[in-house]
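Student: What follows is a structure written as structure tokens; I'll ask about it next.
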Amino acid sequence: PRPTPRPTLRAALALLRHRDLRRITVCAVLLGLATVSDSFVYLLLQRRLGVPDRWFALLPLGTAAAFLLLAVPLGRLADRVGRWPVFLAGHGALLLAYTLLLTSWHGTVLPYAVLLLHGGFYAATDGVLMAAASDRVPSELRSSGLAVVQTGQAVARFACSLCFGAAWTVWGDRTALAASTVALAACAAFALTLRPTQEATR
């Protein structure tokens, strides 16, 4: 029988030798580098609408409610049409939310649309990314492999938050968001070329 690999850091990093898992990780990192922190999204929305500080804490509830409503339907859709298309479509929803924040539109529907798209982004990416990655790692190292993908994504998002905050300070919020929107569009387009070779079959 084939010996079971020990769950060490070296074994976890060695999983990146697998082409599909490496592509998934690279895409998660690239897209994470252009994903603005939730706090900045809520601050931008507050500035656009003049939301009083006492109501600011309610904005994350909009994202959470949208996630609650969409997580199961989008998970089922990913199982039917493929996980990677749904994952990329989630970033498309985020791109649309950024675009709405950049427009001059101040309608009453704006906060609902942005928060719905923001929650839809998480519903289409968080669990779907882990499902896509889990099919590309051996069962005995599955948790380690998923941790590698998530760590890469988390580090990328942390770097994006630092860069976005610095850009906001130097150039202003709209310029910083415009740069992030362009970066997200470019990373999403590049991710299309790095998609895994095929969905796992059962």
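The values are calculated or read from the model by the stated rules, or taken from the named source; none is laboratory data. The structure presented is a predicted model; accordingly, all values stated were derived computationally and were not measured. Every residue, glycine among them, receives a Cβ derived from its backbone with ideal geometry; neighbour counts consider all protein chains shown. Ligands, DNA and RNA are excluded from the accessible area calculation, which covers all protein heavy atoms including side chains. Shrake-Rupley method; radii C 1.70, N 1.55, O 1.52, S 1.80 Å.
Student: With the checklist (1) of a type outside the set (Ser, Thr, Tyr); (2) part of a helix (DSSP H, G or I); (3) over 13 Å from the mean Cα position of the chain (by Cα); (4) closer than 21 Å to Trp168 by Cα in hand, flag the one item Val51 doesn't pass.
Tutor: (2)
Student: Also, quick follow-up: When segment 164-177 is examined, which residues are found to be open to solvent by 40 Å² or more (accessible area, probe 1.4 Å) and either over 14 Å from Ser39 (Cα atoms) or of a type in the set (Gly, Ala, Ser) (or both)?
Tutor: Scanning segment 164-177 gives Ala166, Thr169, Val170, Trp171, Arg174, Thr175.
Student: Within segment 48-102, how many residues turn out to be β-branched (Val, Ile, Thr), modelled with pLDDT of 95 or more and surrounded by fewer than 21 Cβ atoms within 10 Å (Cβ to Cβ)? Before you say what the answer is, go through the steps one by one.
Tutor: Filtering segment 48-102 for residues β-branched (Val, Ile, Thr) gives 51, 63, 72, 81, 86, 99.
Now restrict to residues that are modelled with pLDDT of 95 or more: 63, 72, 86, 99.
If we keep only those that are surrounded by fewer than 21 Cβ atoms within 10 Å (Cβ to Cβ) as well, we get 72, 99.
Qualifying residue count, segment 48-102: 2.
Student: When you go through Ala185, Ala159, Ala191 one by one, which is the residue that is surrounded by 20 or more Cβ atoms within 10 Å (Cβ to Cβ), in contact with a Leu (Cβ under 9 Å, 6 or more places away or on another chain) and of a type in the set (A, V, I, L, M)?
Tutor: Details: Ala185 fails: surrounded by 20 or more Cβ atoms within 10 Å (Cβ to Cβ); Ala159 fails: surrounded by 20 or more Cβ atoms within 10 Å (Cβ to Cβ).
When all the criteria are applied, what remains is Ala191.
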